[in-house]
Amino acid sequence: MKWFIYTLLISGLGLLTYGFIYPTEYFLHIYIHNTNYMISYVYFALIVLIIGSTFYIGKIKNKQN
């Protein structure tokens, strides 16, 4: 579980860096009936970092009990 949490945190930081270096690149780009749905790397990286941080904080809380 420790390696999974660290992988989430490191990949989140990497995606966040990539999103700031290349702001016009999109993680997800869907085109449906003349409508574009796009998710930037920055938003995806923030989701990954929030999930990783939640697991990390939960791991720390479990060690204290």
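The values are calculated or read from the model by the stated rules, or taken from the named source; none is laboratory data. The structure displayed is predicted, hence computed values, not measured ones. As a convention, Cβ positions derive from the backbone with ideal geometry for all residues, glycine included, and neighbour counts pool all protein chains shown. Quick note on the areas: whole protein, heavy atoms, side chains included, nothing else; ligands and nucleic acids left out. Shrake-Rupley method; radii C 1.70, N 1.55, O 1.52, S 1.80 Å.
Key figures for this structure:
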quantity	calculated
Probe 1.4 Å, protein heavy atoms only - accessible area per residue of the chain in square angstrom	82 Å²
Rh by Kirkwood over Cα pairs, then Stokes-Einstein D for the chain at 1.567 mPa s and 4 °C, µm²/s	99 µm²/s
Inter-site label distance for residue 30 and residue 47 at 7 Å from Cα along Cβ, in nm	1.0 nm
Carbon and sulfur %, accessible surface of the chain computed with the full protein complex present, 1.4 Å	67 percent
